[in-house]
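Structure record follows, encoded as structure tokens.
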Amino acid sequence: MRTLYQFHGGVHPPTNKTQSTRTPIAPAPLPGKLVIPFHQHVGNMARPLVKAGDRVLKGQLIGMPEDGVSSAVHASTSGTISSIGMEVVAHASGLPDLCAILIPDGKEEWVTHTGMDYRAAASADVRLALRLAGVVGLGGAVFPSDQKLRSGKHKIKSLVLNGAECEPYITCDDMLMRERATEIIRGAEIMRFMLDAEEVLIGIEDNKPEAIAAMRQAAAASDDKMEVIVVPTIYPSGGAKQLMRILTGIEVATGVRSTEKGLQCFNVATALGIYRALRFGEPMLSRIVTVTGNVRNAQNFEVLIGTPVNELVALADPLPDTNLYIMGGPMMGVPLPSAQVSVVKATNCIIAASDKLFPPPPPALPCIRCTRCADVCPADLQPQELFWFAQSKNFGKAQEYSLFDCIECGACNYVCPSHIPLVQYYRFAKSEIRALEHEQTAADLARERYEFRQSRIERDKQERAEKLAQKEMAARQPAATPEAAPDNSAQSHIQAAAERAREQAATARPKNIDALTPQQQAEIAEIEARRAKAREMAHPDAGRPKE
Amino acid sequence: MLISTFISKPDTVSAIMLRVLLALLPGIALYVWYYGPAILVSITLASITALATEAAMLRLRNRPLKPFLGDNSALVTAWLLALSIPPLAPWWLVVVGTAFAISVAKHLYGGLGNNPFNPSMIGYAVLIISFPSHMTHWLSPHGLGQTELGFADQLAFIFGGHLPSGIKLDAVTLATPLDTLKTQLQLDRPLKEILGMPIYGALAGKGSEVVALGYILGGVYLLFKRIITWHVPAAFLGTLFVTAGIFHLVDQAHYVAPLFHLTAGAAMLGAFFILTDPISGPTTPMGKLIFAAGAGFLTYVIRVFGGFPDGVAFATLLMNICVPLIDAHTQPPVFGKKDRGAK
Ligand code: SF4
Ligand code: SF4
């Protein structure tokens, strides 16, 4: 038996998974229209390649990945692009984003596509293929997979495949593993090959016996060293860091890349996406979505990216008192701004919610420092302290107490007897800190400019004074030696000021934020971009010349 | 939208506090058995005063009454204070102590969750400093006094201040075992002889030692229900035991055996109910150990060398002062920043 490790804390919310696993995955029918956002992944938005009126084929590239971290976007079926514009998207911010609206023609006419032999091709080419196929992490993080498949300077010992699926209600990975285990294993073989990992560890929670059996069987047939490891059901065992800890005992600290510790982690559905992209040249056009909660027929569907949520949930027959749709699980999910938004690559689950299913919490009481939150925090934080600092807007302290190590899992929130919306406070504090840092950089620049100007004025004054003195000296003592070099001293004065300003700028920057992984930095950049967009939309005329 | 998670454990502050009250019941039952029902009168008085003061303060502070009056925290303060003062104390003593605890020690510091000091212990400290003479007349345990008061007599004394004709206060009350020990030792009586006095039982005071066992029972329930952790009781009782043990080993003629200290006075009440108050205590496991160990040591020092009959209250308050410091210096390492033996 392999020794498993534990992470600190964790909770056992009711799993509510059986409702949606009674029937196999069903393909969702073609919807009336598809709303395909150009920004479904972490990183830069894809650049639109089509315009209104264009006819597109299924699998046709319609959004080109931009520089750096980015991913491609495709037409999920054949049809006509009716418009390109801002639409409300499935994102916590509730802000609109650039989308293509595609009216299907019902023909499902594919673009020509072929697979590639990943063993024969150069690693960079394989990664480019994945990038152009729009393959991103389907566990919810939607980080472009090509970025994670670079075999860098660190030797990868274990490739961790995440099939834990610890969030209540969600069963898309469970069903996928039951039904398509072999394809997942093929994907894992590709990833293992590209990373040159020694072994593949597949972690699945013990409440999925069928998935475990199917995956074991498929893994046994592989030539690679693969092991399906059954992990205890505890939330959030499916957090990448928590799962890596359980399987290997290694803890990857915030700001450290898992590859530095010889680990890389992918979701099982991503493995399947990688396989299909390389074997058949199929881009990511669909995903499995659990539709559950306040519905009569909870089930998993294979859904085309861009399918409107209301068309999808109609298939599961929502009950009349449904008043909200949640994307994701009840612990980390986000309320959807409307049922008109479309399924994106990050949509693993749609829960129809009602006040009966999720009764609104009683009014929050003050924190009684009972530390139940700290007892369950998988990041070993002191949530009650973070709450205190966030509430009093003492952001420096919040960072000192490792606010940015919080994975927003909601475990603290779940147990708090005072029913304080803790995660909400952390999100607020994090975004405030990012905004402050933004302003800080601007202020640093301004200060640098100001100091430079000050020093120039000073220098001029000094020069004038010195010239005057020299004149006087010259008048009195014609043979004086021009020893002091006024120019030099003024020069070094300016330099000192500039250096001081730079130093200040360096120290004034919040500490915790530099040490983030590229993924987190990309996420932050993305949040900033959304923030900027929101500002722009709030003042649409700002920056536009008056006519 | 102020929702982070859509589900939550059906646990509330009110339920937690209720369990603390429940856990006090075995101790209270034994109290009544040994000392008669007077304690129930003080508990009732304290409860009513606490709720009334809470309501008045919430009004003054413009806070909603319903969630806070129902949180049961004021009752916990009231019960702990009532159990700390002599059951035969005049009614106004209980009222003044409780009202001060709730209004000043709790609400003037910001109400539930914000009080840096344990409110019950503040109430106790105010009473023992302001009305020391009223705080020393403890009822003699069942079967020990020259006479025993019936319930009606007890009520008459609590509310009217007079005893049945012919009975003196000294005939029905005694100093506490801890107090007696201290005064008798000062009179140079040998320890053996002192402990032979009728008020002493097998471990400490007759009666009170059994009540202490009742508190242990409640404490085990709280541990079992995960309302408290082992850290505070273990560190407090352990330190008290070790400190007392060292003195006892060095000079057996003058320092009583450590088990005496564990079962005398408010030691058990302190270990399981007072020092475990989450609001005025530290939050980290290491912090709890330091906090409780400090309180254990101070309790011993105040009991043996100080001027007050018991040390738990002042030890608690002194350690309450240190809580922010203790918390700040005992932050456990976060995920990934420690060696947990995994390699
Ligand atoms: S669980 Fe809630 S009440 Fe308890 S310490 Fe944490 S934040 Fe405070
Ligand atoms: S949300 Fe953050 S603070 Fe709360 S338990 Fe999860 S990691 Fe810890």
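The values are calculated or read from the model by the stated rules, or taken from the named source; none is laboratory data. Being a predicted model, the structure only gives us computed values, none of them experimental. All Cβ positions, glycine included, derive from the backbone under ideal geometry; neighbour counts span all protein chains shown. Remember, those area values only see protein heavy atoms, side chains included, never the ligands or the DNA or RNA. Shrake-Rupley method; radii C 1.70, N 1.55, O 1.52, S 1.80 Å.
Return yes when A:Thr23 is of a type outside the set (D, E, K, R) and touching a residue at least 40 places away in the same chain (Cβ under 8 Å) and no when it is not.
Details: of a type outside the set (D, E, K, R): yes; touching a residue at least 40 places away in the same chain (Cβ under 8 Å): yes.
Spelling it out, A:Thr23 is indeed of a type outside the set (D, E, K, R) and touching a residue at least 40 places away in the same chain (Cβ under 8 Å).
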Answer with yes or no whether A:Val415 is more than 9 Å from ligand 1 (Cβ to nearest atom) and of a type in the set (Val, Ile, Thr). no
For the structure I just gave you, tell me whether B:Ile246 is open to solvent by 10 Å² or more (accessible area, probe 1.4 Å) and more than 15 Å from the chain's Cα centre (by Cα). yes
In the stretch B:213-247, how many are without any contact (Cβ under 8 Å) to a residue 12 or more places away in the chain and within 23 Å of B:Phe314 (Cα to Cα)? 2
A:Gln384 vs. criteria more than 13 Å from ligand 1 (Cβ to nearest atom) and closer than 17 Å to B:Val334 by Cβ: no
Residues of the stretch A:345-380 being within 28 Å of the chain's Cα centre (by Cα), more than 10 Å from chain B (Cβ to nearest Cβ) and not hydrophobic (A, V, I, L, M, F, W, C), which ones? A:Lys345, A:Thr347, A:Asn348, A:Ser354
Those residues that are within 14 Å of ligand 1 (Cβ to nearest atom) and either on the phi > 0 side of the Ramachandran plot or buried (at least 24 other Cβ atoms within 10 Å of the Cβ) (or both), I need them from the stretch A:388-397; list them, please. A:Ala390
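Just the residues that are part of a loop (DSSP other than H, G, I, E, B), of a type outside the set (A, V, I, L, M) and more than 8 Å from ligand 1 (Cβ to nearest atom), please, taken from the stretch A:367-380. Step through it out loud before you land on a result.
The initial filter retains those residues of the stretch A:367-380 that are part of a loop (DSSP other than H, G, I, E, B), namely A:367-371, A:377-380.
Applying the additional criterion that residues be of a type outside the set (A, V, I, L, M) yields A:367, A:369-371, A:377-378, A:380.
Hits for the stretch A:367-380 are A:Cys377, A:Pro378, A:Asp380.
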If A:Leu98 satisfies every condition in (1) without any contact (Cβ under 8 Å) to a residue 60 or more places away in the chain; (2) surrounded by 15 or more Cβ atoms within 10 Å (Cβ to Cβ); (3) part of a strand (DSSP E or B); (4) within 27 Å of the chain's Cα centre (by Cα) but one, which is the exception? (1)
Would you pick out the residues in the stretch A:398-412 that are more than 12 Å from ligand 1 (Cβ to nearest atom) and hydrophobic (A, V, I, L, M, F, W, C)? A:Ala398, A:Leu403, A:Phe404, A:Cys406, A:Ile407, A:Cys409
Residue pairs qualifying under the 6 Å Cβ cut-off, at least six apart or on distinct chains, with the first in the stretch A:395-409 being facing chain B (nearest Cβ under 9 Å) and the second being surrounded by fewer than 21 Cβ atoms within 10 Å (Cβ to Cβ) and of a type outside the set (S, T, N, Q), are A:Ser402/B:Val334; A:Asp405/B:Val334
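Show me the helices (runs of 4 or more DSSP H) found entirely inside the stretch B:61-168 where at least 3 residues are within 16 Å of ligand 1 (Cβ to nearest atom). Spell out the reasoning first.
Working: elements: B:65-69, B:73-84, B:91-100, B:119-130, B:151-160.
Here the list is empty.
Looking for whichever is within 14 Å of chain A (Cβ to nearest Cβ), assigned to a loop (DSSP other than H, G, I, E, B) and within 16 Å of ligand 1 (Cβ to nearest atom) here; the options are B:Pro282, B:Pro324. Which one fits? Step through it out loud before you land on a result.
On the way: B:Pro324 fails: assigned to a loop (DSSP other than H, G, I, E, B).
Of the residues listed, the single one that is within 14 Å of chain A (Cβ to nearest Cβ), assigned to a loop (DSSP other than H, G, I, E, B) and within 16 Å of ligand 1 (Cβ to nearest atom) is B:Pro282.
When you scan the stretch B:327-339, do you find a residue that is farther than 30 Å from A:Gly255 by Cβ and small (Gly, Ala, Ser), even just one?
Quick first cut of the stretch B:327-339, residues farther than 30 Å from A:Gly255 by Cβ only: none.
No, the conditions are met nowhere in the stretch B:327-339.
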Checking the condition part of a helix (DSSP H, G or I), away from chain A (no Cβ under 14 Å) and open to solvent by 30 Å² or more (accessible area, probe 1.4 Å), which residue from B:Leu18, B:Leu30, B:Leu24 passes? B:Leu30
Quick check on this structure: which one of A:Asp223, A:Asp173 is open to solvent by less than 40 Å² (accessible area, probe 1.4 Å) and of a type in the set (Asp, Glu)? A:Asp173
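Yes/no per residue for (1) more than 10 Å from ligand 2 (Cβ to nearest atom); (2) open to solvent by less than 20 Å² (accessible area, probe 1.4 Å); (3) within 24 Å of A:Pro366 (Cα to Cα):
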site	(1), (2), (3)
A:Glu400	yes, no, yes
A:Gly410	no, yes, yes
A:Tyr414	no, yes, yes
A:Ser431	yes, no, yes
A:Gln440	yes, no, no
A:Arg449	yes, no, no
A:Gln454	yes, no, no
A:Ile457	yes, no, no
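Mind listing just one residue for me: the one in the stretch A:416-429 that is touching a Phe, Trp or Tyr at 6+ places or on another chain (Cβ under 7 Å) and buried (at least 23 other Cβ atoms within 10 Å of the Cβ) and, of those, nearest to the other protein chains (Cβ to nearest Cβ)? Can you show your working first?
First, pick out the residues of the stretch A:416-429 that are touching a Phe, Trp or Tyr at 6+ places or on another chain (Cβ under 7 Å): A:420, A:422, A:425, A:429.
So of that shortlist, the ones also buried (at least 23 other Cβ atoms within 10 Å of the Cβ) come out as A:420, A:422, A:429.
Values: A:Ile420: 9, A:Leu422: 6, A:Ala429: 13 Å.
Going through the qualifying residues, I end up with A:Leu422.
Checking the conditions here, which among B:Val210, B:Val256 is surrounded by 22 or more Cβ atoms within 10 Å (Cβ to Cβ) and in contact (Cβ under 8 Å) with a residue 12 or more places away in the chain? Don't jump to the end; show me each part of the working.
On the way: B:Val210 fails: surrounded by 22 or more Cβ atoms within 10 Å (Cβ to Cβ).
Within the list B:Val210, B:Val256, the selection yields B:Val256.
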So, in the stretch A:341-368, exactly how many residues are surrounded by fewer than 24 Cβ atoms within 10 Å (Cβ to Cβ) and either within 16 Å of ligand 2 (Cβ to nearest atom) or free of Cβ contacts under 8 Å to residues at least 24 places away in the same chain (or both)? 4
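The rows are residues; the columns are (1) within 14 Å of chain A (Cβ to nearest Cβ); (2) in contact with a Pro (Cβ under 6 Å, 6 or more places away or on another chain); (3) closer than 12 Å to B:Ser47 by Cα.
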| position | (1), (2), (3) |
| --- | --- |
| B:Pro67 | yes, yes, no |
| B:Gly70 | yes, no, no |
| B:Leu75 | no, no, yes |
| B:Leu81 | no, no, yes |
| B:Pro87 | no, no, no |
| B:Gly111 | yes, no, no |
| B:Asn114 | yes, no, no |
| B:Pro119 | yes, no, no |
Single residue of B:Phe308, B:Phe291 found to be open to solvent by less than 10 Å² (accessible area, probe 1.4 Å) and either part of a loop (DSSP other than H, G, I, E, B) or aromatic (Phe, Trp, Tyr) (or both): B:Phe291
Given the conditions (1) modelled with pLDDT under 95; (2) away from ligand 1 (no atom under 16 Å from the Cβ), which single one is not true for A:Ile350? (1)
Failed criterion for A:Cys349 (all others in (1) within 27 Å of B:Pro324 (Cα to Cα); (2) assigned by TED's automatic domain parsing to the domain that holds A:Asp174 hold): (1)
Quick one: A:Glu432 ticks every box in (1) away from ligand 1 (no atom under 11 Å from the Cβ); (2) within 11 Å of chain B (Cβ to nearest Cβ); (3) out of contact with any Pro (no Cβ under 6 Å at 6 or more places or on another chain) bar one, so which box is it? (2)
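For every residue, the table says whether it meets (1) under 19 Å from the mean Cα position of the chain (by Cα); (2) in a strand (DSSP E or B).
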position	(1), (2)
A:Leu138	yes, no
A:Cys166	yes, no
A:Ile170	yes, no
A:Asp173	yes, no
A:Met177	no, no
A:Thr182	no, no
A:Arg192	no, no
A:Ile229	no, yes
Just one of (1) open to solvent by 50 Å² or more (accessible area, probe 1.4 Å); (2) at the interface with chain A (Cβ under 10 Å from one of its Cβ atoms) trips up B:Phe335, so point out which. (1)
